[in-house]
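What follows is a short report on a single structure.
The values are calculated or read from the model by the stated rules, or taken from the named source; none is laboratory data. Just so it is clear, the structure is predicted and the values come from calculations on it, not from any experiment. Cβ coordinates were reconstructed from backbone atoms using ideal geometry, including for glycine residues, and neighbour counts include every protein chain displayed. Heads up: the accessible areas ignore ligands, DNA and RNA and are worked out on the full protein's heavy atoms, side chains in. Shrake-Rupley method; radii C 1.70, N 1.55, O 1.52, S 1.80 Å.
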Amino acid sequence: MEAATAVTWLPVCKTTDIPADGGACALVKGEQVAIFNFARRGEWYATQNLCPHKQQMALARGMIGSAGEACEPKVACPFHKRTFSLLTGACLNGDECAIQTYPVKVEGDDVYIGWA
Amino acid sequence: MAAQQLPTVVVIGNGMVGYKFCEKLLAKSTAFNLVVFGEEPRVAYDRVHLSEYFGGKTADDLLMAPQQWYHDHGIALHLGDAVQEIDRASQTVHSRGGLVQSYDYLVLATGSSAFVPDIPGVEKQGVAVYRTIEDLEEIKAAAATARVGAVLGGGLLGLEAAKALLDLGVAETHVIEFAPRLMPRQIDAAGSAMLQSKLEALGLKIHLSKATASIGGNGRIDALHFGDGSILPVDMLVISAGIRPRDELARLAGLEVGLRGGITVNDQMQTSDPRIFAIGECALHGGMIYGLVAPGYDMAEVVASQLLQGARAFTGFDMSSKLKLIGVDVASFGDPFIAEPHSRSIVFEDAHSGIYKRINLSPDGKYLLGGVLIGDAEAYSMLLQTVNNKLVLPPHPEDLILGARGGEGSDSGANVLNLPDEALICSCEAVTKGAICAAVAELSVTTVDGMKKCNKAGTGCGGCVPMVKDLINGTLMAQGAYIKNVLCEHFDYSRQELFDLLKINDIRTYDTALNRFGSGDGCETCKPAVGSILAGLWNDLIVKQNVIQDTNDRYLANIQKGGSYSVMPRMAGGEVSPRQLMAIGRIAEKYNLYTKITGGQRIDMFGAHVSDLPDIWEELINEGFESGHAYGKSLRTIKSCVGSTWCRYGLHDSVTFAIELENRYKGIRSPHKLKSGVSGCVRECAEAQAKDFGVIATEKGWNLYVCGNGGAKPQHAQLLAGDIDQETVVRYLDRFLMFYIKTADPLTRTAVWLNKMDGGIAYLRNVIVNDSLGICADLEGEIALLIKNYFCEWKEVVDNPELRKQFTHFVNAPKVKDPTMKFETMRGQKKVAEW
Ligand code: SRM
Ligand SMILES: Cc1cc2nc3c(=O)[nH]c(=O)nc-3n(C[C@H](O)[C@H](O)[C@H](O)COP(=O)(O)OP(=O)(O)OC[C@H]3O[C@@H](n4cnc5c(N)ncnc54)[C@H](O)[C@@H]3O)c2cc1C
Ligand code: SF4
Ligand code: FES
């Protein structure tokens, strides 16, 4: 989906700002973006920080992990443990709506978010 | 493949049942050419949940499937175009828009329209019916300016409409019913009386045995005139007086229709023309129009099966129903009215709480025939199952409505797991108990949502969702008990097994544990569980591996509504000096924190920004405080009473002992939190017997109690040893706590742990007091290590710049606080703003 529109790569933080296998929140153009350093897999993900369940600004503080045979990467909201796919943003266990995901790239020790 | 060679099935009507027919046919075969005509401007939507349109759902939320779905499945869909003629001779249908479409099979799913009685004045403005989204828009517009509204009809739909008017803010809403009781088709007179008083409490005004003679007003409604001469001034009226099957097309085409409407069908849902079927609310089967969605879905299934030469037939359907949305539970099932001598009834009535329940039993008391539930319909699904599956009743059938009153297995008759496999759980989607349990056992479906995806159970009216949940849990539990009690999908071990493995292999990080003994990348279940095991083994600094901790342990504070945190320093035994009190007051004021005395005899400060936490703790530590571990699965507080120091009854010094114990076990991680109390005498002011461990002074020493619990399922602690001295209390406690830390399942409090233990307290006493397993020396050694490794976690963070840095909301703007966090003032203190 994102590929269709050209994205602008915005530098947001250093790789060392995000704990290995954890997340942190960054302020990007006034929006709260949760960035995850999935060090175990050498992957980076970014999503909205707002959990749609009870509108808590908390996803960056959630635990990441994987689900199922296909090891779909996911994050669990620290509030009530709703989980969301880091790939698609889909909610994996309820009727909550999907969350927005953003492309991420790392160059040197800089982390960039792709902004559409 | 050339599409024209496939037989063409034309569906007239794109309502709930018409849609379901397409879905069911496609699931069975794609060897048809499907053409659908719908008169409404949008694709089929969920009429059952129509009222939620007022509650904020959009028309799109209610769609059965998006328009794209029809396209993706090759269905030719003509919306906003009604069929106006069926030419049976040439096998074609003609639409209002001028389309001519030939068919091999024709399915009429034209539904019904609201029945509008022939009352003078019904055409006036402000009079609406309740059937389509457009009707709802009209009602919404009228309600915006109406002060008094009325609903004509006190049936299932009428009451739903009346509640909607209330919710739309119509100040005064009346329900007018011609019959002498509400919901005359479903409930008896006594149930109606109870329902009436409940609805009146909600603000509805109910008029029974009231015939409406005419509708007054000059172009626009202004009053209802009744047969008895009385007049009720109203600004709007919703008519909900029943439904009228839409058989006009069928009539025109010369198909057989019923005397009072409805397209006559046989058990195969065929009309008098065998190529033409009728399903849903337009079909008349066995002299009956079914105004519910589940029988309509069953009819759709029958036709789909017929087209594929299947043998499914429709043989009638149960009319049990449950009222939703109204704020009062109402349900009726089976035969609600059957009376002596064909049955005997048991009635339970509690006027005070507004509960009325009636069950009708077979004369021999063995079977349930039907009943009515008002005020509390929790048992509905189970009772319905009991009727439909002809389950033999337990010896005390009254328990079905009163709840079991103790005694082993007295509720066994009412357990979903006892239903036969063929029991229909989701009648909308025809999913049986067997199918649900198989999905759990064989396809590892473990959530209701997963089940919805897997076999659609629970996606229709939603009434069966609680049962689906029970079946999933029941099946999982049965598996857990007989198969394996594993941590989660990533670790094939129980907590106790993993505890031993990590100990023997000297494993100290989550990642090594996962690499050696697990699979995948872990999750929110196994990460904190392994974190707890590692802490129970080595008591290392928890924040060194903070990303595997639950958020409270990661930020060493309890996260709260809105995303702020609470700060709770330790006050061992509940003792605090005036100086410390002043320090707390000063610090709370400085950081603008709300303060409260907790139920655990200490002070909590709420509403801290994550970035302020290290500064707040730095000041607290400078005043001599340390972490209270209020966030951890660890020792919380040991409450004390004033004891012999001040109290005239005090036998020993309970405060000193409580402080000693609290300082001994503080900071140690356990499967769940630990709470304790020490009382100076049997008057028990410290509530020691409600705690995970509690000590009470006796003439000769102390009584030690264990495994008590407050919380949702309170349970008294049990005596582990009596009249023992202080040293022995400590020794037994060391053993007891370590045994719990090593063997309990994740997030299991001591009470639940004991309840699951074979042999119960006698076994536990044998292990702890008599060392029956010969492990006591080990237990004492292991806990000594944990005690020795204690440090205040907050002090470590405050002194460590790297760790401190993690306490920010924005990594790229450490000074900026979360702008979405809002507070307001209450009783002179701040609180989280509601949103
Ligand atoms: C602050 C306090 C209420 C108060 O203002 O008095 C409190 C607040 C919370 N309790 Fe409690 N409990 C508090 C005393 C109690 C007590 C009374 C006691 O300890 O004497 C009980 C019943 C005793 C017991 O636990 O057996 C109690 C039983 C619970 C339970 C149910 C536990 C159970 O076994 O069923 C939970 C839920 C849980 O832990 O899973 C809970 C959970 C919570 C949580 C942590 C809910 C959460 O996860 O956010 C609350 C955190 C509020 C916050 O934001 O800080 N709280 N809670 C009390 C803190 C005591 C302290 O100083 O540490
Ligand atoms: C507010 C409300 C609440 C309800 N609550 C419940 C409940 O809790 N439980 C329950 O089981 N049931 C409930 N029902 C009843 C349930 O909605 C119906 O049983 C179900 O919708 C019937 O489906 P159907 O497809 O037969 O008819 P409909 O859903 O009415 O669909 C028929 C469609 O055919 C179209 N049509 C008619 N004639 C033509 C034509 N000539 N050409 C083209 N299209 C045509 C109509 O416009 C309509 O869109 C409720 C109904 C309402 C209105
Ligand atoms: S009783 Fe419930 S609401 Fe009150 S503090 Fe405890 S957990 Fe929170
Ligand atoms: S706020 Fe995220 S799960 Fe509830």
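Among (1) part of a helix (DSSP H, G or I); (2) at pLDDT below 80, where does B:Ala438 come up short?
Of (1) part of a helix (DSSP H, G or I); (2) at pLDDT below 80, only one is false for B:Ala438: (2).
Can you name every residue in region B:68-101 that is assigned to a loop (DSSP other than H, G, I, E, B), over 20 Å from B:Arg42 (Cα atoms) and in contact with an Asp or Glu (Cβ under 9 Å, 6 or more places away or on another chain)?
In the first step, residues of region B:68-101 are kept if they are assigned to a loop (DSSP other than H, G, I, E, B); the result is B:73-75, B:80-82, B:88-91, B:96-99.
Of the ones still in play, those that are also over 20 Å from B:Arg42 (Cα atoms) are B:88-91.
Once the filter is applied, which keeps residues that are assigned to a loop (DSSP other than H, G, I, E, B), over 20 Å from B:Arg42 (Cα atoms) and in contact with an Asp or Glu (Cβ under 9 Å, 6 or more places away or on another chain), region B:68-101 yields B:Arg88, B:Gln91.
Here's the yes/no breakdown for (1) in a strand (DSSP E or B); (2) within 16 Å of ligand 4 (Cβ to nearest atom); (3) within 42 Å of the chain's Cα centre (by Cα):
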| position | (1), (2), (3) |
| --- | --- |
| B:Gly573 | no, no, yes |
| B:Ile587 | no, no, yes |
| B:Lys596 | yes, no, yes |
| B:Trp617 | no, no, yes |
| B:Ala630 | no, no, yes |
| B:Ser644 | no, no, no |
| B:His652 | no, no, no |
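Does B:Ala478 count as more than 13 Å from chain A (Cβ to nearest Cβ) and modelled with pLDDT of 85 or more?
On the way: more than 13 Å from chain A (Cβ to nearest Cβ): yes; modelled with pLDDT of 85 or more: no.
Taking the combined requirement at face value, the residue does not satisfy it.
Just checking, does region B:2-14 include any residue being more than 10 Å from ligand 2 (Cβ to nearest atom), in a strand (DSSP E or B) and open to solvent by less than 10 Å² (accessible area, probe 1.4 Å)? Spell out how you get there, then give the answer.
Restricting attention to region B:2-14, the residues satisfying the condition of being more than 10 Å from ligand 2 (Cβ to nearest atom) are B:2-10.
Filter once more, so that each one left must be in a strand (DSSP E or B): B:8-10.
Now narrow it down to the ones that are open to solvent by less than 10 Å² (accessible area, probe 1.4 Å): B:9-10.
Scanning region B:2-14 turns up at least one residue that is more than 10 Å from ligand 2 (Cβ to nearest atom), in a strand (DSSP E or B) and open to solvent by less than 10 Å² (accessible area, probe 1.4 Å).
Can you confirm whether B:Ala44 is small (Gly, Ala, Ser) and modelled with pLDDT of 95 or more? Steps first, answer last, please.
Details: small (Gly, Ala, Ser): yes; modelled with pLDDT of 95 or more: yes.
Against the criterion (small (Gly, Ala, Ser) and modelled with pLDDT of 95 or more), B:Ala44 qualifies.
Condition check ((1) assigned to a strand (DSSP E or B); (2) at pLDDT below 95; (3) open to solvent by less than 10 Å² (accessible area, probe 1.4 Å)) across all residues:
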| residue | (1), (2), (3) |
| --- | --- |
| B:Thr656 | no, no, no |
| B:Ile659 | no, no, no |
| B:Arg664 | no, no, no |
| B:Lys675 | yes, no, no |
| B:Ala686 | no, no, yes |
| B:Val695 | yes, no, yes |
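Among the strands (runs of 3 or more DSSP E) contained in region A:1-91, which hold 3 or more residues that are more than 21 Å from B:Ala813 (Cα to Cα) and facing chain B (nearest Cβ under 7 Å)?
Details: elements: A:8-14, A:22-28, A:31-38, A:43-48, A:63-67, A:72-76, A:83-85.
Answer list for region A:1-91: A:63-67.
Which numbered condition in (1) of a type in the set (Lys, Arg); (2) under 15 Å from the mean Cα position of the chain (by Cα); (3) open to solvent by 30 Å² or more (accessible area, probe 1.4 Å) is the only one that A:Lys54 fails?
(2)
Might you check whether a residue that is within 9 Å of chain A (Cβ to nearest Cβ) and either under 15 Å from B:Lys742 (Cα atoms) or assigned to a helix (DSSP H, G or I) (or both) occurs anywhere in region B:533-543? Talk me through it step by step, then tell me what you get.
Just the residues of region B:533-543 that are within 9 Å of chain A (Cβ to nearest Cβ), to begin with: none.
Looking through region B:533-543, none of the residues is within 9 Å of chain A (Cβ to nearest Cβ) and either under 15 Å from B:Lys742 (Cα atoms) or assigned to a helix (DSSP H, G or I) (or both).
B:Lys596 - would you say it is within 11 Å of ligand 1 (Cβ to nearest atom), touching a residue at least 60 places away in the same chain (Cβ under 8 Å), over 30 Å from B:Thr512 (Cβ atoms) and open to solvent by 50 Å² or more (accessible area, probe 1.4 Å)? Give the derivation first.
Details: within 11 Å of ligand 1 (Cβ to nearest atom): yes; touching a residue at least 60 places away in the same chain (Cβ under 8 Å): no; over 30 Å from B:Thr512 (Cβ atoms): yes; open to solvent by 50 Å² or more (accessible area, probe 1.4 Å): yes.
Spelling it out, it is not the case that B:Lys596 is within 11 Å of ligand 1 (Cβ to nearest atom), touching a residue at least 60 places away in the same chain (Cβ under 8 Å), over 30 Å from B:Thr512 (Cβ atoms) and open to solvent by 50 Å² or more (accessible area, probe 1.4 Å).
Is it the case that region B:301-319 has a residue that's buried (at least 21 other Cβ atoms within 10 Å of the Cβ), in contact with a strand residue (DSSP E or B) (Cβ under 6 Å, 6 or more places away or on another chain) and not hydrophobic (A, V, I, L, M, F, W, C)?
No: zero hits.
Answer with yes or no whether A:Gly114 is facing another protein chain (nearest Cβ under 8 Å), more than 16 Å from ligand 1 (Cβ to nearest atom), modelled with pLDDT of 90 or more and over 28 Å from B:Val445 (Cβ atoms). Walk me through it before giving the result.
Working: facing another protein chain (nearest Cβ under 8 Å): no; more than 16 Å from ligand 1 (Cβ to nearest atom): yes; modelled with pLDDT of 90 or more: yes; over 28 Å from B:Val445 (Cβ atoms): yes.
Criteria not met by A:Gly114.
Given the criteria touching a helix residue (DSSP H, G or I) at 6+ places or on another chain (Cβ under 6 Å) and away from ligand 1 (no atom under 16 Å from the Cβ), does A:Gly89 qualify?
Values: touching a helix residue (DSSP H, G or I) at 6+ places or on another chain (Cβ under 6 Å): no; away from ligand 1 (no atom under 16 Å from the Cβ): yes.
In short, no.
Going by the conditions given, is B:Ala128 among the small types (Gly, Ala, Ser) and open to solvent by 60 Å² or more (accessible area, probe 1.4 Å)?
no
Could you grab the pairs with beta carbons closer than 8 Å, sequence gap of 6+ or different chains, first residue in region B:500-513 and over 16 Å from B:Asn539 (Cα atoms) and in contact (Cβ under 8 Å) with a residue 40 or more places away in the chain, second one outside any helix (DSSP H, G or I) and among the small types (Gly, Ala, Ser)?
Cβ pairs passing all conditions: none.
Which condition does B:Gln545 not pass, out of (1) over 28 Å from the mean Cα position of the chain (by Cα); (2) modelled with pLDDT under 90; (3) within 27 Å of B:Asn622 (Cβ to Cβ), if it passes all the others?
(3)
Say whether the condition of being farther than 22 Å from B:Asn552 by Cβ, free of Cβ contacts under 8 Å to residues at least 60 places away in the same chain, within 16 Å of ligand 4 (Cβ to nearest atom) and not polar (S, T, N, Q) is met by at least one residue in region A:3-15.
No, there is no match, as no residue in region A:3-15 is farther than 22 Å from B:Asn552 by Cβ, free of Cβ contacts under 8 Å to residues at least 60 places away in the same chain, within 16 Å of ligand 4 (Cβ to nearest atom) and not polar (S, T, N, Q).
Name the residues in region B:556-571 that are closer than 30 Å to B:Gly694 by Cα and either among the β-branched types (Val, Ile, Thr) or within 16 Å of ligand 4 (Cβ to nearest atom) (or both), would you? First the steps, then the outcome.
Initially, region B:556-571 is screened for residues closer than 30 Å to B:Gly694 by Cα, giving B:556-560, B:565-571.
Residues satisfying the conditions are B:Asn558, B:Ile559, B:Gln560, B:Tyr565, B:Val567.
What number of residues in region B:797-823 are within 15 Å of A:Pro19 (Cβ to Cβ), facing chain A (nearest Cβ under 8 Å) and of a type in the set (A, V, I, L, M)?
So the answer is 1.
Looking only at region B:709-732, count every residue that is assigned to a loop (DSSP other than H, G, I, E, B) and either β-branched (Val, Ile, Thr) or in contact with a Ser or Thr (Cβ under 8 Å, 6 or more places away or on another chain) (or both) and tell me the total. Steps first, answer last, please.
Pass one, region B:709-732, residues assigned to a loop (DSSP other than H, G, I, E, B): B:710-714, B:716-717, B:725.
With either β-branched (Val, Ile, Thr) or in contact with a Ser or Thr (Cβ under 8 Å, 6 or more places away or on another chain) (or both) added as a condition, the list becomes none.
Count: 0.
Among the residues of region A:93-116, write down those that are more than 20 Å from A:Met57 (Cβ to Cβ), in contact (Cβ under 8 Å) with a residue 24 or more places away in the chain and either within 16 Å of ligand 2 (Cβ to nearest atom) or not basic (Lys, Arg) (or both). Explain how you work it out, then say what you get.
Within region A:93-116, the first condition is being more than 20 Å from A:Met57 (Cβ to Cβ), and the residues that meet it are A:93, A:95, A:103, A:105-110, A:112, A:114, A:116.
Then drop every residue that is not in contact (Cβ under 8 Å) with a residue 24 or more places away in the chain, which leaves A:103, A:105-106, A:109-110, A:112, A:114, A:116.
A:Pro103, A:Val106, A:Asp109, A:Asp110, A:Tyr112, A:Gly114, A:Ala116, listed by residue number.
Since B:Ala164 meets every condition but one in (1) surrounded by fewer than 23 Cβ atoms within 10 Å (Cβ to Cβ); (2) within 16 Å of ligand 2 (Cβ to nearest atom), which condition does it not meet?
Unmet condition: (1).
Can you name the residue in region B:549-591 that is in contact with a helix residue (DSSP H, G or I) (Cβ under 9 Å, 6 or more places away or on another chain) and of a type in the set (Lys, Arg) and is also nearest to the other protein chains (Cβ to nearest Cβ) among such residues?
B:Arg554
Conditions (1) part of a loop (DSSP other than H, G, I, E, B); (2) more than 43 Å from the chain's Cα centre (by Cα); (3) on the phi < 0 side of the Ramachandran plot, marked per residue:
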{"site": "B:Ser209", "(1), (2), (3)": "yes, no, no"}
{"site": "B:Asn218", "(1), (2), (3)": "yes, yes, yes"}
{"site": "B:Arg251", "(1), (2), (3)": "no, yes, yes"}
{"site": "B:Glu281", "(1), (2), (3)": "no, no, yes"}
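Name the residues in region B:423-450 that are within 15 Å of the chain's Cα centre (by Cα) and hydrophobic (A, V, I, L, M, F, W, C), would you?
The one that is within 15 Å of the chain's Cα centre (by Cα) and hydrophobic (A, V, I, L, M, F, W, C): B:Val448.
Could you list, in sequence order, all residues of region A:22-51 that are open to solvent by 30 Å² or more (accessible area, probe 1.4 Å) and within 12 Å of ligand 4 (Cβ to nearest atom)?
Within region A:22-51, A:Gln48, A:Leu50 meet the criteria.
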